[in-house]
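This report refers to the structure that appears directly beneath it.
What follows draws every value from the coordinates through simple rules; no lab data is involved. Model, not experiment: these values are computed from the prediction. Every residue, glycine among them, receives a Cβ derived from its backbone with ideal geometry; neighbour counts consider all protein chains shown.
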Amino acid sequence: MGTSWGDVLQKVTVEKDRIIQCSELKETLLVFDMAMMNNGDLLVSSGKTELKLYTTDNQVKTFGTVFPLYTLGVHVNKQNEIFLGFSDSDYITISNDIVRRVVLMDHNGDIKQCFEYDRDNQRLFTWPRRICSNDKYIFVVDLLHGGPGRVVVIDKVGQLQWNYNGSFDKFDPKDIAVTSTEIVIVTDCNNHALHILSLSGEVIICKKISELCIHFPCSLSIDDDDKLWVGTSDSKSKVHALRLT
C-alpha cells in the first residue's frame, strides 16, 4: 500500500476486517502509481523522472530514468510486460508540442511499442494517469485539461477503440481494472461511484457506492478471485473489499 501525500510504502496483510502492517519502507518514496512484477518486485512511479523498483528484499533501486519526461501510470501484464505513461510536464496542459504517451516495455525496461497518436495523427492522450490491459485492449484513465477525465481504450497496435466520458456532468475517473470476465470497472472519486462497463464500452451500471458508506473511491485493484479492493481518498482513508453480484 502506498500514499502520494505521505511518502509511505507499506507491505500489509488482511485478516478479516483488519489491515496488519508487515513492514514499512524507511526511505522516503512518493507513490503516484505502482505495479507488481511476476517475481514480486514492485515498480513505483512517483510522477517524477525516475521509475523505482522496490525489491522483495526491501531494497529500492532505480529501474529506469525517463528525463526530461515524468512517469505517470504504470501497469504490468500477465506476460510481465510493462506499460508506462509519460508526460513532459508534471501538470496537465495542452500545446502542439507536448509529449503524452504510453509505452510498452519488456521486463528489462527496453521499449517495444509507443502509443501517442491514432491512424489519423490525432493525439490519443492528454495525461495518462492509470493503465490496465487484457489480452485484447489497453485501457487508460486520461485526465483532461481544465475539466473532467475520460477512459481511452486502444488495441494492441494502438488504434482507438472507444472513449468513455462518464455518466455524470463531471466525470472524475481515478483508476481502472478489468475482471477475468471482461468487465471494466472505473472509480469515479468526486461522484462517489463505480462505473461498470462492457468490453465494448457500453454502460452496464453506474453505482453510487456512497450508499454503502464508501466515499471518494480512488485506487482500485482486482485479485485472482475477482474481489475488488477500493481505496478511498477522504480524511478517513480506507480500503474496502467488494464483490460484483
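Residue by residue, what Karplus-based ³J(HN,Hα) values in Hz, rounded to whole numbers, does the stretch 192-199 have, using 6.51, -1.76 and 1.60 with θ = phi - 60° and x for Gly and Pro?
Using θ = phi - 60°, the values come out as 6, 9, 10, 9, 9, 10, 7, 5 Hz.
Based on the Cβ-Cβ distance from Ser89 to Gln159, what FRET efficiency comes out when R0 is 30 Å, to the nearest 0.05?
0.70
When only DSSP loop residues count, what GluC sites (Glu not before Pro) in the stretch 160-221 have their Cβ near at most 11 other Cβ atoms within 10 Å?
Here the sparse-neighbourhood loop sites are Glu202.
Roughly how many nanometres apart are two label points built 7 Å out from the Cα toward the Cβ at Glu50 and Ile183?
4.1 nm
With Cβ to Cβ distances under 10 Å as the rule, what net charge do the other residues near Phe86 carry (K, R +1; D, E -1)?
Once positives and negatives cancel, what remains is 0.
Return the sequence-ordered ³J(HN,Hα) values of the stretch 79-85 in whole Hz as given by the Karplus equation 6.51 cos²θ - 1.76 cosθ + 1.60 applied to θ = phi - 60°, using x for Gly and Pro.
8, 6, 8, 10, 9, 9, x
Pairs of alpha-carbon atoms within less than 8 angstrom and 6+ residues apart define the contacts here; what relative contact order does the stretch 173-245 have, in percent?
For the stretch 173-245, the relative contact order is 23 percent.
Using Cα pairs closer than 8 Å and at least 6 residues apart in sequence, work out the relative contact order for the stretch 107-191, in percent.
On the way: 154 pairs, mean separation 18.0, N = 85.
This gives 21 percent for the stretch 107-191.
Around Tyr164, what is the net charge, scoring Lys/Arg as +1 and Asp/Glu as -1 over all other residues with Cβ under 12 Å from its Cβ?
Neighbourhood net charge equals -2.
Are there any chymotrypsin sites (Phe, Trp or Tyr not before Pro) in the stretch 152-240 that are in a DSSP loop and have at most 16 other Cβ atoms within 10 Å? List them by number.
Phe168
For the stretch 173-245, what is the charge dipole size about the Cα centre, in debye to the nearest 20, if Lys and Arg each add +1 at the Cβ and Asp and Glu each add -1 at the Cβ? Spell out each step's value before the answer.
Values: 7 positive and 10 negative charges, 67 e Å.
So the dipole magnitude of the stretch 173-245 works out to roughly 320 debye.
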